[in-house]
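Below: the structure, in structure tokens.
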Amino acid sequence: MAYETILFDTTDAIAKITVNRPKALNALNSQVVDELLAAVEEIEKNEDIRVLIITGAGEKVFVAGADITELAKLNPVSAKHFASQGHKLMLKLESLSIPVLAAVNGFALGGGLELALACDFIYASENVKVGQPEIDLGIIPGFGGTQRLARIVGKNMAKEMILTGMRLSAEEAEKKGIVNRVVPAAELMETAEKSARSIAKKGRVSVYAAKQAINNGLDTDLKNGCEIEINSFALCMASPDANEGTTAFLEKRQPEFKGSLKE
Ligand code: CAA
């Protein structure tokens, strides 16, 4: 599919999506959301892709939120559709069988922070500012901010951020666990790619099992979360990767993981 608002390329086993609407600070209009959904569906079908990196075009902004020009025209029915599509995208990223890394290269506000929060982890450049400023537009976050942010920073901090619309620096966001690591802007993409290359060498099945066990476990209580882990651990043994990984260790060589989710 030809995309107009995103750049989509794949090098070796790593796919990169760049939200690319520089004139609107990479804001998410319906077209961007639809194209992101289509690209993620393309990735889902391609077993050769092992990690996805999401970033924004330019050096100033990751994504400045949902497109406010479009928001201004919404009625309750179209708003429900718009928010549902956004949620569909975020849930798809979260449940994607491969890890999704956000390389946040500037402002990540509103839907931009929500997009990053739906990724498995976030690397940020030093110039980053994150926040949920929707309250200043007379609305609330619509792509998962009230839910995912609260699960990461806790109820009270999420309320302070969402009710005041405050922006956090990269350093503050790191302290609160919103971003994993802050690096100089010039090192951001290399940091994300290095991490992606490292994950791409692991077993597809064990990476998938670990991601799903963490995500699904956090949606439930500890006892059920542990049950999820037990079953995910056992399922790993169905893949030849478990035998390859343990044998390679005992034979003092590097493993060559070839397991597939299609087996
Ligand atoms: N939607 C549409 N256009 C946007 C936009 C957005 N979210 N953010 C910026 N733009 C546009 C501006 O209108 C401006 O366009 P023109 O050049 O045509 O005037 C252009 O991008 C540059 O923006 P600024 O002049 O504002 O740039 P700045 O450097 O002074 O400020 C900024 C940068 C702090 C990111 C500021 O643009 C800003 O605060 N943007 C809005 C952030 C926001 O409120 N996001 C939440 C959106 S609602 C949402 O996301 C709901 C949801 O949960 C789904």
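The values are calculated or read from the model by the stated rules, or taken from the named source; none is laboratory data. Remember, it's a predicted structure, so these values are computed and weren't measured experimentally. Every residue, glycine among them, receives a Cβ derived from its backbone with ideal geometry; neighbour counts consider all protein chains shown. For the accessible areas, the whole protein counts, side chains as well, though only heavy atoms, and no ligand, DNA or RNA atoms are used. Shrake-Rupley method; radii C 1.70, N 1.55, O 1.52, S 1.80 Å.
Solvent-accessible area assigned to carbon and sulfur over the chain amounts to 56 percent, based on a 1.4 Å probe. Within the shell of other residues whose beta carbon sits under 15 angstrom from the beta carbon of Ile6, the net charge comes to -3, with Lys and Arg scored +1 and Asp and Glu -1.
Estimated translational diffusion coefficient (Stokes-Einstein, Kirkwood radius over Cα pairs, 4 °C, 1.567 mPa s) of the stretch 6-200: 79 µm² per second. Computed from Cα positions, the angle between helix 30-45 and the longest principal axis of the chain comes to roughly 0 degrees.
Contact order for the chain, expressed relative to its length and based on alpha carbon pairs under 8 Å spaced 6+ residues apart, stands at 15 percent.
Of all lysines in the structure, the ones whose alpha carbon falls short of 17 Å from that of Lys262, not counting any fewer than 8 places away in one chain, are Lys45, Lys202. Toward the positive end of the charge dipole of the chain, with +1 on the Cβ of Lys and Arg and -1 on the Cβ of Asp and Glu, the farthest Cα among Gln147, Ser198, Ile122 is that of Gln147.
Rounded to the nearest whole Hz, the Karplus-based 3J(HN,Hα) values (6.51 cos²θ - 1.76 cosθ + 1.60, θ = phi - 60°) of the stretch 7-23 follow the sequence 9, 9, 9, 10, 10, 6, 9, 10, 9, 10, 10, 10, 6, 10, 10, x, 5, with x at glycine and proline.
Checking every one of the GluC sites (Glu not before Pro) in the stretch 89-179 against DSSP loop status and a limit of 14 other Cβ atoms within 10 Å picks out Glu126.
The residues of the chain expose, per residue, 53 Å² of accessible area to a 1.4 Å probe. By a 1.4 Å probe calculation restricted to protein chains, Arg50 has an accessible surface near 40 Å², given to the nearest 10.
Report summary: the helix-based calculation at 222 nm, which adds -39500 (n - 2.57) for every DSSP H run with n ≥ 4 and divides by the residues of the chain, gives -14000 deg cm²/dmol. Annotation: Phe82 carries an accessible surface of approximately 20 Å², with a 1.4 Å probe and no ligand, DNA or RNA atoms counted. Using only the Cα atoms of the stretch 89-235, build the gyration tensor, take square roots of its eigenvalues as a ≥ b ≥ c, and label the shape rounded, prolate or oblate: rounded if a/c is under 1.5, else prolate if a/b is larger than b/c, else oblate. In terms of gyration-tensor shape, oblate. So which lysines can Lys23 reach, going by Cα to Cα under 21 Å and dropping same-chain residues fewer than 8 places off? Reachable lysines: Lys60, Lys73, Lys129.
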